[in-house]
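Novice: Got a structure here, written out as structure tokens. Questions coming.
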Amino acid sequence: MIVILKEGTTVQQRESLCDWFRSMELEVHISQGQYKTIIGLIGDTTKVDINLVESLNMIESVKRITEPFKNANRKFHTDDSVVDINGFKIGGGNFQVIAGPCSVESREQIIAVAESVKASGANLLRGGAFKPRTSPYDFQGLKGEGLELLFEARKRTGMPIVTEIMNVRDIELFEDVDVIQVGARNMQNFDLLKELGLTKKPILLKRGLANTLKELLMSAEYVMSGGNEKIILCERGIRTYETFTRNTLDLSAVPALHELTHLPVVVDPSHATGLARMVEPMAMAAVAAGADGLMIEVHNDPQHALCDGAQSLTPEQFESLVKKVNKIREAVIS
Ligand code: PEP
Ligand code: MN
């Protein structure tokens, strides 16, 4: 349920109202917008007499939220959420490019890629240390050593790092990671999501291969209900009957998610298309559709990449992408 207060309501009046809701064993979330104060109530709201609440002087309106996701709901929090990653903001008009290799392969590779993507305009460095591979015989990532190499690349470049967690038992290893990625295959690993809800880390939550937007938002809700509201959603393509591209990039997810939720939305055209030549056009389309950021796979030697070489851009191709994306952004914003 959401309760919207009239402009001019004092903090004291608001607090006494919230205490009353708390006495009904409801969880109370206060969202202070520029003009409006919205109080979100979570729990068994059948105990709340809507007519009584509406009759109070300070109340503008009261609505029941019918969607099962509350914390992530735009109705709960009308302003866009901004996630701050060591000073790099994403959401609410702030745009970021996350770039780097699919997986961390060696010190030379991650440092070379980090330096080149930074020079082209990326602010955040991606790279998998724990890799979810379809085949158990494929390269599984450098694991702990991969994380160490990412920390080293961060030290060299100042770029915060984004890397995927696959298992709840590894969570301690991620203590020094800036953004923890939950991959498509783990979007509904509810135990992992609950545990991440207890951390204070920004979480990049990727949409599952066969999941609806509402399911994605329910997964975000798992993290948020634990107290961690720093979530960045990521559209990375879904399974359809089309096989020409690796997945089908559902770009309508961008405006749809902006309508449904206040959380920032980034697009990953690399996993969505699986084809390096399609990454730039789809990145431009994603930005035109209103994405708050992009996640792009870049490799210094895609032909010899241990993972996802076919979709990885060279540093030169990435530089061209950033230039075009910036032009699109200028056109869309003005
Ligand atoms: C990745 O980002 O490296 C990755 C494995 O992506 P996804 O979970 O979207 O397949
Ligand atoms: Mn990849």
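The values are calculated or read from the model by the stated rules, or taken from the named source; none is laboratory data. Quick caveat, the model's predicted, so the values are computed rather than measured. Using ideal geometry, Cβ is built from the backbone for each residue, glycine included, and neighbour counts are taken over all protein chains shown. When the accessible area is computed, the model is the full protein with side chains, heavy atoms only, and any ligands, DNA or RNA have been set aside. Shrake-Rupley method; radii C 1.70, N 1.55, O 1.52, S 1.80 Å.
Novice: In a Gaussian network model over the chain where Cα atoms closer than 10 Å are linked, find which of Ser16, Ser252, Ser81 has the largest mean-square fluctuation.
Specialist: It is Ser16.
Novice: Here is a further query. For every helix of n ≥ 4 consecutive DSSP H residues, a contribution of -39,500 (n - 2.57) applies; sum these over the chain, divide by its total residues, and give [θ] at 222 nm rounded to the nearest 500 deg cm²/dmol.
Specialist: Result for the chain, helices only: -10000 deg cm²/dmol.
Novice: Next question. Compare Met24, Met295, Met284 in a GNM of the chain, Cα atoms joined below 10 Å, and give the one with the largest fluctuation.
Specialist: Met24
Novice: Could you give the accessible area per residue of region 2-63, probe 1.4 Å, as a whole number in Å²?
Specialist: I get 59 Å² per residue for region 2-63.
Novice: A follow-up question, please. Of the GluC sites (Glu not before Pro) in region 72-178, which ones lie in a loop per DSSP and count no more than 11 other C-beta atoms within 10 Å?
Specialist: Sites meeting the loop and neighbour criteria: Glu175.
Novice: Check cross-link reach from Lys323 to the lysines: straight Cα distance under 29 Å, and skip same-chain residues fewer than eight apart.
Specialist: Within reach: Lys89, Lys118, Lys155, Lys206, Lys230.
Novice: Right, another one. Rounded to the nearest 5, what % of DSSP beta bridges with both residues in the chain are antiparallel?
Specialist: The answer is about 45 percent antiparallel.
Novice: Now a separate question. Using Cα springs under 10 Å in a Gaussian network model of the chain, which residue among Thr46, Thr212, Thr245 shows the largest mean-square fluctuation?
Specialist: Thr46
Novice: Whole angstrom only: what separates the Cα centroid of region 44-103 from the Cα centroid of region 245-314?
Specialist: 25 Å
Novice: Which percent of the accessible heavy-atom area of region 2-63 goes to carbon and sulfur, probe 1.4 angstrom?
Specialist: So the carbon and sulfur contribution to the accessible surface is 47 percent.
Novice: Please compute, for the alpha-carbon atoms of the chain, the extent along each of the three principal axes and give them in descending order in Å.
Specialist: 68, 46, 42
Novice: Follow-up question, since we're still on this one. Taking 2.2 N^0.38 Å as the expected size of a compact globular protein, what ratio does the Cα radius of gyration of region 2-63 give against it, to two decimals?
Specialist: Rounded to two decimals, the normalised Rg is 1.01.
Novice: A further question follows. Less than 15 Å Cβ to Cβ from Glu215, Lys/Arg counted +1 and Asp/Glu -1: what total charge do the surrounding residues give?
Specialist: Overall, the nearby charge balance is +2.
Novice: Given a 1.4 angstrom probe, what's the average accessible area per residue across region 184-321, in square angstrom?
Specialist: Spelled out: the 1.4 Å probe surface of region 184-321, per residue, equals 38 Å².
Novice: Same structure, new question: Within the chain, which is the longest segment that contains none of the chymotrypsin sites (Phe, Trp or Tyr not before Pro) sitting in a DSSP loop with at most 10 other Cβ atoms within 10 Å?
Specialist: Result for the longest clean stretch: 138-240.
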